[in-house]
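The values are calculated or read from the model by the stated rules, or taken from the named source; none is laboratory data. The structure displayed is predicted, hence computed values, not measured ones. All Cβ positions, glycine included, derive from the backbone under ideal geometry; neighbour counts span all protein chains shown.
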Amino acid sequence: MPLVEVSHLVKQFTRGAGLFHGGTTVTAVDDVSFAIAEGETFGLVGESGSGKTTTGRCMLRLVEPTSGEVRFRGENVLAFPRARMRQARRDMQIVFQDPYSSLNPRMRARQIVEEPLVIHRIGSRAERRARVAELFELVGLNAAHLERYPHEFSGGQRQRIGLARALALNPSFLILDEPVSALDVSIQAQVINLLMDLQQRLKLTYLFIAHDLRLVEHICSRVAVMYLGKIVEMAPTAALFAAPQHAYTRALLSAIPIPDPDAPRQRIVLDPATVNRDASLREISAGHFAAV
Amino acid sequence: MPSLNQEDAPLLRVDRLTTVFDTARGPVPAVDAVSFEIRAGETLGLVGESGSGKSVTALSIIRLVQPPGRIASGRVMFKGRDLMTLGEREMQRVRGADISLIFQEPMTALNPVFRIGDQIAETLLVHGRATRRDARAKSIALLRSVRIPNADSRIDDYPHQLSGGLRQRVMIAIALACQPALVIADEPTTALDVTIQAEILDLLREMKSALGLSLLLITHDLGVVAGTADRVAVMYAGRIVETGPVRAIFRHPGHPYTRGLLASMPGGRPGERLRAIDGSVPLLGELPPGCAFTPRCPDRFDRCPTAPPPDYPVGAGQEAKCYLHDPAARRPADGSRQPERDAAR
């Protein structure tokens with residue numbers, strides 16, 4: 001049984017609805033299905049507006065999906081009542097893209113990391129303090145800086161604080177929503193290494209949402225490519241990069257800037273008119289699905 | 001404008017440019033004695049992380065640094081004139097007409113309350129490149145040249161009606177309106193999706209060769225530099241630590257910082273640990289003594305913190321500010337080891 005299983009997930013937003021008119025409906029996530037095995041890093045890639053971030057947020061019900069199922073250890077979390085959902089969130093956490101806006105600037109680093117423990121009424125004051133110190137060490141932060149405010153940390157350190165907070169409740173599943181794209185190149189590698197270490201030590205399962213395909217190729221075992229709200233291709237990472245099947249995947253891969261001045265550059269341009277939006281995923285080879 | 005381009009004179013020569021920010025603790029250099037050249041028709045990639053001073057360098061060249069920043073010293077020779085000595089009126093004629101700028105975020109660089117056609121026409125009119133009568137036709141032609149579809153109706157759009165990619169095309173059209181000799185593009189594709197980024201880079205390359213202009217491309221992305229630049233300058237903590245032809249920089253990086261940047265990119269065996277650079281970029285005003293990269297440098301030795309190293313030749317047209325390359329010095333045992341030669345991929 002996969003740890004997480006998303007089936008036929010749909011999220012529609014209504015725009016410009018007023019008292020006397022219904023507005024227009026935008027389908028941000030359009031019948032999305034995938035499963036993530038325990039211990040796996042599953043990549044969700046796509047460009048802005050593809051629905052990848054909304055998919056992640058629907059899975060934790062940070063936005064309520066319109067329809068579909070999200071099964072976690074076999075149970076449909078979309079059917080959970082409030083209290084049960086709160087319980088479930090202990091096991092499913094998210095790390096946001098922007099470490100500058102996702103940490104409360106008025107709280108000290110210690111309070112930010114401790115807050116989930118307080119909310120879930122875990123441990124005594126002393127036990128919580130000890131746990132925070134342990135988490136600080138786990139993510140490579142200096143415990144001497146516990147009482148500092150977010151602005152006193154660099155971007156990479158702030159992302160470590162966000163990670164410590166996400167790990168406070170010992171989750172088994174983490175959604176990483178563009179966790180390093182706001183960081184400098186030399187810092188990105190540090191955080192990626194930390195994420196890989198933590199996954200091994202804590203047996204974590206990751207959903208890695210990203211637009212940086214070089215990074216996805218490096219750390220994900222399987223990848224799904226989203227285009228206009230739908231998954232158009234899903235495959236083991238090596239297969240997807242070696243033999244992309246969907247026209248959009250090909251265009252996307254050919255646009256990656258290669259850090260080699262002698263690399264051949266042959267860009268494939270996508271003609272959106274040629275994409276059959278009604279095609280459904282079919283299995284091209286073992287585990288490799290494409291909507292072609 | 002006098003024409004004084006001898007064959008070998010660079011179009012732009014920045015000479016020991018220093019821009020400081022005045023703080024309560026005194027002036028802090030954001031750009032520290034930066035020197036480089038751009039020849040006619042050449043693209044120089046200026047690479048650095050946030051806070052390295054690359055954007056302040058660009059603003060200093062066209063003298064648009066805002067207080068508390070100020071240009072403290074140095075020369076910026078453009079077509080034989082020192083831009084630092086020009087009066088403000090003369091400098092205004094240079095900006096937009098001879099040197100133009102493309103910013104990272106086209107939504108904030110374009111004025112949201114004016115139609116894009118009016119914003120292009122304004123540039124043309126201010127610099128006397130069009131009359132009221134033909135400004136519209138010339139603006140449409142410019143939009144066509146940057147391949148904006150339906151240019152004759154798009155010209156009446158407001159910026160918010162365009163996608164990010166189209167807005168950046170409009171910015172490029174404005175930048176090219178007066179046929180400048182030099183375009184400075186500051187992270188022109190950073191806010192864009194990867195497929196749109198590739199289109200904009202293609203357009204910049206095309207425009208550059210079609211119009212014979214020179215390009216100063218400022219970016220943090222070595223992948224962007226590899227496919228676009230002829231030469232590369234790497235900035236760290238306000239200083240240019242290495243310059244060289246693009247191939248040399250990627251194949252035989254001379255400075256440990258350049259090597260670290262290249263090595264830290266994903267591209268090895270999947271799942272392998274990345275070779276990260278330790279520590280973080282120092283804050284302005286808290287630079288370590290000597291070479292500012294010393295505390296993070298895997299190759300540091302006793303000489304590094306003594307004084308900032310000068311440029312040492314590394315290869316043909318390649319220089320690095322690193323004592324490892326001092327031909328006069330006896331190298332310490334661990335400093336003499338050959339830098340890793342593997343390319344990024």
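See the values below:
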item	result
Test result for A:Asp260, buried (at least 17 other Cβ atoms within 10 Å of the Cβ) and among the acidic types (Asp, Glu)	yes
Residue check, B:Val232 of a type in the set (A, V, I, L, M), under 14 Å from the mean Cα position of the chain (by Cα) and facing chain A (nearest Cβ under 8 Å)	no
Matching residues in the range B:196-216 - criterion: being under 16 Å from B:Gly45 (Cα atoms) and β-branched (Val, Ile, Thr)	B:Ile200
Unmet criterion (only one of (1) in a helix (DSSP H, G or I); (2) free of Cβ contacts under 8 Å to residues at least 12 places away in the same chain) for B:Gly128	(1)
Test for B:Ile172: is it assigned to a helix (DSSP H, G or I), surrounded by 18 or more Cβ atoms within 10 Å (Cβ to Cβ) and within 14 Å of chain A (Cβ to nearest Cβ)	no
Answer from B:Pro266, B:Pro298 - the residue that is in contact with a helix residue (DSSP H, G or I) (Cβ under 9 Å, 6 or more places away or on another chain) and surrounded by fewer than 20 Cβ atoms within 10 Å (Cβ to Cβ)	B:Pro298
Elements of type strands (runs of 3 or more DSSP E) contained in the range B:1-117, each with 1 or more residues being small (Gly, Ala, Ser)	B:26-38, B:43-47, B:69-78, B:99-102
Test: residue in the range B:237-251 that is crowded, with 21+ Cβ neighbours inside 10 Å and of a type in the set (Phe, Trp, Tyr)	yes
All positions within the range A:101-126 that are basic (Lys, Arg), part of a loop (DSSP other than H, G, I, E, B) and either within 25 Å of the chain's Cα centre (by Cα) or exposed (fewer than 13 other Cβ atoms within 10 Å of the Cβ) (or both)	A:Arg106, A:Arg121
Extreme residue, surrounded by the fewest Cβ atoms within 10 Å (Cβ to Cβ), among residues of the range A:127-160 that are within 12 Å of chain B (Cβ to nearest Cβ) and of a type in the set (S, T, N, Q)	A:Ser154
Selection count where residues are modelled with pLDDT under 90 and more than 15 Å from A:Ala255 (Cα to Cα), scope the range B:192-206	0
Residue ID - nearest to the chain's Cα centre (by Cα), chosen from residues in the range B:246-273 that are among the charged types (D, E, K, R), facing chain A (nearest Cβ under 9 Å) and not in a loop (DSSP other than H, G, I, E, B)	B:Arg247
Unmet criterion (only one of (1) surrounded by 14 or more Cβ atoms within 10 Å (Cβ to Cβ); (2) away from chain A (no Cβ under 14 Å); (3) at pLDDT below 95) for B:Pro289	(1)
So B:Asp152, is it under 22 Å from B:Glu42 (Cβ atoms) and in a helix (DSSP H, G or I)	no
Residue among A:Ala251, A:Ala164 that is more than 19 Å from B:Arg273 (Cα to Cα), at the interface with chain B (Cβ under 7 Å from one of its Cβ atoms) and assigned to a helix (DSSP H, G or I)	A:Ala251
Filter pass, B:Arg147 being of a type in the set (D, E, K, R), within 14 Å of chain A (Cβ to nearest Cβ) and surrounded by fewer than 24 Cβ atoms within 10 Å (Cβ to Cβ)	yes
All positions within the range A:17-61 that are closer than 24 Å to A:Ile192 by Cα and at pLDDT below 90	A:Glu47, A:Ser48
Residue count, the range B:175-209 (criterion: outside any helix (DSSP H, G or I), out of contact with any helix residue (DSSP H, G or I) (no Cβ under 7 Å at 6 or more places or on another chain) and within 10 Å of chain A (Cβ to nearest Cβ))	1
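Here's the yes/no breakdown for (1) more than 12 Å from every other protein chain (Cβ to nearest Cβ); (2) assigned to a helix (DSSP H, G or I); (3) surrounded by 21 or more Cβ atoms within 10 Å (Cβ to Cβ); (4) in contact (Cβ under 8 Å) with a residue 24 or more places away in the chain:
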position	(1), (2), (3), (4)
A:Pro179	yes, no, yes, yes
A:Leu183	no, no, yes, yes
A:Ser186	no, yes, yes, no
A:Val191	no, yes, yes, yes
A:Leu195	no, yes, yes, yes
A:Arg214	no, yes, no, yes
A:Val232	yes, no, yes, yes
A:Ala235	yes, no, yes, yes
A:Ala238	no, yes, no, no
